[in-house]
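Before any comments, here is the structure.
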Amino acid sequence: MNIKRISFAILNFTLAVSALAQQPVYLDYSKPVEQRIEDILQRLTLDEKIALIHAQSKFSSPGVGRLGIPDFWTDDGPHGVRPDVLWDEWEQAGQTNDSCVAFPALTCLAASWNPDLGILYGKSLGEEARYRGKDMMLGPGVNINRTPLGGRNFEYFGEDPYLTSSMVVPYIQGLQSMGVSACVKHFALNNDEEYRHQVNVIVSDRALHEIYLPSFKAAVQKAGTWAVMGAYNLYHNQHTGHNGFLINKILKGDWQFDGVLVSDWGGTHDTEESIVNGLDMEFGTWTDGLSWGASNAYDNYYLAQPYKKLILEGKHGTKELDDKVRRILRLFYRTTMAQDRPRGFICSEDHYKSALKIAQDGIVLLKNDKQLLPLDPQKVKSILVVGENAIKMMTVGGGSSSLKVQKEILPLDGIKARFSNATIDYARGYVGDTIQSYNGVTMGRSLYDLRPADELMAEAVEKARKVDVVIMVGGLNKSDHQDCEGHDREQYGLPYGQDKLIEALSKANKNLIYVNISGNAVEAPWLDSVGAMLQAWFLGSESGEAIASVIAGDVNPSGKLPYTWYKTLNDCPAHSLNSFPGTWRADHKVIDEEYKEGIYVGYRWVDKQNVTPTFPFGYGLSYTQFKIGNVTADKSAMTEDGTITFTVNVKNTGNKAGAETVQLYVSDLKSSIDRPIKELKGFKKEYLQPGENKNVSITIDKDALSFYDETKQEWTAEAGEFEALVGNSSENIVSRYKFSLK
Ligand code: BGC
């Protein structure tokens, strides 16, 4: 080696060492993250800190260019990555690279009762988000289905806190494994869409903790979500987006949440409350240049100049500001400033496969008289498909979760492809929606049809007489009041005259299969008239293929309902107790809505009141049969800090491979307070070949036996007798085991 090369190497080495010596702490990833955060904090000016805590566009907030900290981009959520909108407006940006894969709505994921699919869902979505440059997805939504009229129930996981928690944790873990933050919404008690900014919820502490908060708590403590979104409604007369009790006391205090509390878009109403009550990032405030604010909209945000002014006037110190900034920097280190973030993919084959698998696993077979289903594609000669939902894109519409997809297989197309040996005819049967586009995204197929209702029905009935089988694809459709953000449903029954149509079709052809598309239960007066019924949710990009694969029997349905399917609205406690919606106050500014049913939501109410639902919570049929054996346990008494494991054998006694979900409910046999007759505390989905059997074990600890004690303000498990109830729906309990807590 010559002298020149040696001295060049020495020079390089010296430069590298001095560069390392000068490297700021915040860029030295060998240092603990909290130390790096403090280092940034002391470098930031007041203006830079204020900038970090509010939006700079519809879906982004600034980083700190001077320090090389990137801007932060967020997007809806939760079923796919929403197309880009303009910087300052809700209109589409018109990009050509923002089409995505639509995954099934979260009700479908919940209906799969398969937590492994939660991981797959979250990871696939995270990969799409990474490709699209999004650092946080606005979802998942974990509000509880309190009434089937809830406009956004389709975005949530159903009525049960345990099922919701079990399914949302893996979703968040999958998503965040991609370096993309979840933003669990809408915290909390957001169970009305109608007048969602004015509803003040009045609920017992017990119902708050036992029904409405557990899914958020699991998201924070079990999944470690990096962000939570406040809701629009009020609680204790204070907006939940800056609600001191919910955010400071519960979320950040009791649960030790170290992430960021994000406002819902337009959910911020007060600077003082936002400062002291724990709001960390303000987005979407309506000073958007559309209503007012024009050129300096973002400066007018509650946490922008108004906050800075209070600090400069000495009315506030920077304690709260620094806490908000620390949390945001922590979020940045987890996302935009994370080292080795996995790469993203968009519309990959794997994502379509995941979307299809989740859809197939979540479809619920609700009725199957005389084994009408599955239809053999080799035997069936002629099929009539009826219904607007067979040709309507369901990935478009419904509010903020609306998507622009690269592909969506419509039910009619899926059926045509799978039953290619049969003659397939189509009749619309009814007209619900003729819109051609939503939020700037065009529907795939023209829905324009001006024929009168009678004519459409007559055509369908006439055609139905001539075919082997009729498949009607109906339900709700994500337009206003039909499973859509912003408004609740106005009726429990099917819209657009579908009840009449179903009855008429059943008279014309006894082989009538009804496929219901919705995120909610619907009144079903025609149930006895249909031969078979499938609940097919909003299934996303692979909708048609998933539905056809179940109809053809390529896939054996294994979904179970994540909510109670009431016979009439009056069977639902919120309605029978006349506590939905609430009552306007005299000033007509706030609606008080008292959750009079307390903890008795869904099957908890049905059990207590002895109501017979159309289909119970946890219900779903299969093309095969299963036998669930007697439950045994590893002990008959458990201690406060111990566990108990229940084991039960499940056997596929039919002749098709399929899956059964063993459900474990717990009943407190003697308690000092009124408790539900039973509550879901464990489940396991098993895939079994014909004749195969497996032992399923479910372990619980004292959490499964606890209730929220309002006097002590804490969770308590009382010593005494309990019973484990095992079955395959909340109504079909096949085996019981008594045990005690010492
Ligand atoms: C919705 C949120 C959504 C946000 C941004 C709000 O209207 O309630 O769920 O994430 O808009 O689109």
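The values are calculated or read from the model by the stated rules, or taken from the named source; none is laboratory data. Since the model is a prediction, treat every value here as computed from it, not as a measurement. Every residue, glycine as well, gets a Cβ built from its backbone with ideal geometry; the counts of neighbours run over all protein chains shown. When the accessible area is computed, the model is the full protein with side chains, heavy atoms only, and any ligands, DNA or RNA have been set aside. Shrake-Rupley method; radii C 1.70, N 1.55, O 1.52, S 1.80 Å.
Picking from residues in region 386-434 that are in a helix (DSSP H, G or I) and charged (D, E, K, R), the one that is nearest to the ligand (Cβ to nearest atom) is E388. Restricting attention to region 80-120, the residues being open to solvent by 50 Å² or more (accessible area, probe 1.4 Å) and assigned to a loop (DSSP other than H, G, I, E, B) number 10.
On the given criteria, is P148 surrounded by 24 or more Cβ atoms within 10 Å (Cβ to Cβ), within 16 Å of the ligand (Cβ to nearest atom) and modelled with pLDDT of 95 or more? Judged against the criteria, P148 is not a match. If you check D361, D350 for being assigned to a helix (DSSP H, G or I), of a type in the set (D, E) and surrounded by fewer than 19 Cβ atoms within 10 Å (Cβ to Cβ), only one passes: D350. The sole residue among G141, G94, G122 that is under 27 Å from D480 (Cα atoms) and either within 16 Å of the ligand (Cβ to nearest atom) or within 13 Å of the chain's Cα centre (by Cα) (or both) is G141.
A single entry from G63, G77, G133 fulfils the requirement of being open to solvent by 30 Å² or more (accessible area, probe 1.4 Å), under 30 Å from S274 (Cα atoms) and in contact with a strand residue (DSSP E or B) (Cβ under 6 Å, 6 or more places away or on another chain): G133. Has region 327-346 got any residue that is in contact with a His (Cβ under 8 Å, 6 or more places away or on another chain), over 19 Å from P62 (Cα atoms), more than 16 Å from the ligand (Cβ to nearest atom) and in a helix (DSSP H, G or I)? No, every residue in region 327-346 fails to be in contact with a His (Cβ under 8 Å, 6 or more places away or on another chain), over 19 Å from P62 (Cα atoms), more than 16 Å from the ligand (Cβ to nearest atom) and in a helix (DSSP H, G or I). Using the structure shown, decide if G618 is crowded, with 22+ Cβ neighbours inside 10 Å, out of contact with any helix residue (DSSP H, G or I) (no Cβ under 6 Å at 6 or more places or on another chain) and not in a strand (DSSP E or B). Against the criterion (crowded, with 22+ Cβ neighbours inside 10 Å, out of contact with any helix residue (DSSP H, G or I) (no Cβ under 6 Å at 6 or more places or on another chain) and not in a strand (DSSP E or B)), G618 qualifies. With the structure loaded, tell me whether N233 is in contact with a Phe, Trp or Tyr (Cβ under 7 Å, 6 or more places away or on another chain) and either open to solvent by less than 10 Å² (accessible area, probe 1.4 Å) or under 19 Å from N191 (Cα atoms) (or both) or whether it fails that test. Criteria not met by N233.
Determine if region 301-312 includes at least one residue that is within 16 Å of the ligand (Cβ to nearest atom) and either closer than 18 Å to P62 by Cβ or open to solvent by 20 Å² or more (accessible area, probe 1.4 Å) (or both). Yes, some residue in region 301-312 is within 16 Å of the ligand (Cβ to nearest atom) and either closer than 18 Å to P62 by Cβ or open to solvent by 20 Å² or more (accessible area, probe 1.4 Å) (or both). Evaluated against (1) over 30 Å from P115 (Cβ atoms); (2) away from the ligand (no atom under 15 Å from the Cβ), I247 falls short on exactly one condition, (1). For region 666-714, the strands (runs of 3 or more DSSP E) that sit wholly inside it and include 3 or more residues that are under 21 Å from G642 (Cβ atoms) are 679-688, 693-701.
Quick check: is even one residue across region 22-43 among the basic types (K, R), on the phi < 0 side of the Ramachandran plot, in contact (Cβ under 8 Å) with a residue 24 or more places away in the chain and part of a loop (DSSP other than H, G, I, E, B)? No: zero hits.
None of S295, S291 is within 16 Å of the ligand (Cβ to nearest atom), open to solvent by 40 Å² or more (accessible area, probe 1.4 Å) and at pLDDT below 95 except S291. Note on region 572-605: among residues that are over 24 Å from the mean Cα position of the chain (by Cα) and of a type in the set (A, V, I, L, M, F, W, C), the one that is surrounded by the fewest Cβ atoms within 10 Å (Cβ to Cβ) is A586. All conditions in (1) surrounded by 24 or more Cβ atoms within 10 Å (Cβ to Cβ); (2) out of contact with any strand residue (DSSP E or B) (no Cβ under 7 Å at 6 or more places or on another chain); (3) not acidic (D, E) hold for G553, with the sole exception of (1). Could you tell me whether N649 is open to solvent by 30 Å² or more (accessible area, probe 1.4 Å) and in a loop (DSSP other than H, G, I, E, B)? Criteria not met by N649. The set of residues in region 168-198 that are among the aliphatic types (A, V, I, L, M) and buried (at least 24 other Cβ atoms within 10 Å of the Cβ) comprises V168, I172, L175, V180, A182, V184, A188, L189.
Yes/no matrix, rows are residues, columns are (1) open to solvent by 20 Å² or more (accessible area, probe 1.4 Å); (2) not aliphatic (A, V, I, L, M):
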position: G654; (1), (2): no, yes
position: Y665; (1), (2): no, yes
position: I677; (1), (2): yes, no
position: F707; (1), (2): no, yes
position: E718; (1), (2): yes, yes
position: Y737; (1), (2): yes, yes
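The set of residues in region 435-491 that are of a type in the set (G, A, S), assigned to a helix (DSSP H, G or I) and touching a Leu at 6+ places or on another chain (Cβ under 8 Å) comprises A460, A464. Of all residue pairs spaced 6 or more apart or on separate chains, those with beta-carbon atoms under 7 Å, a first member in region 263-280 that is farther than 15 Å from A231 by Cβ and a second member that is among the acidic types (D, E) and away from the ligand (no atom under 12 Å from the Cβ) are I275/E320; V276/E320.
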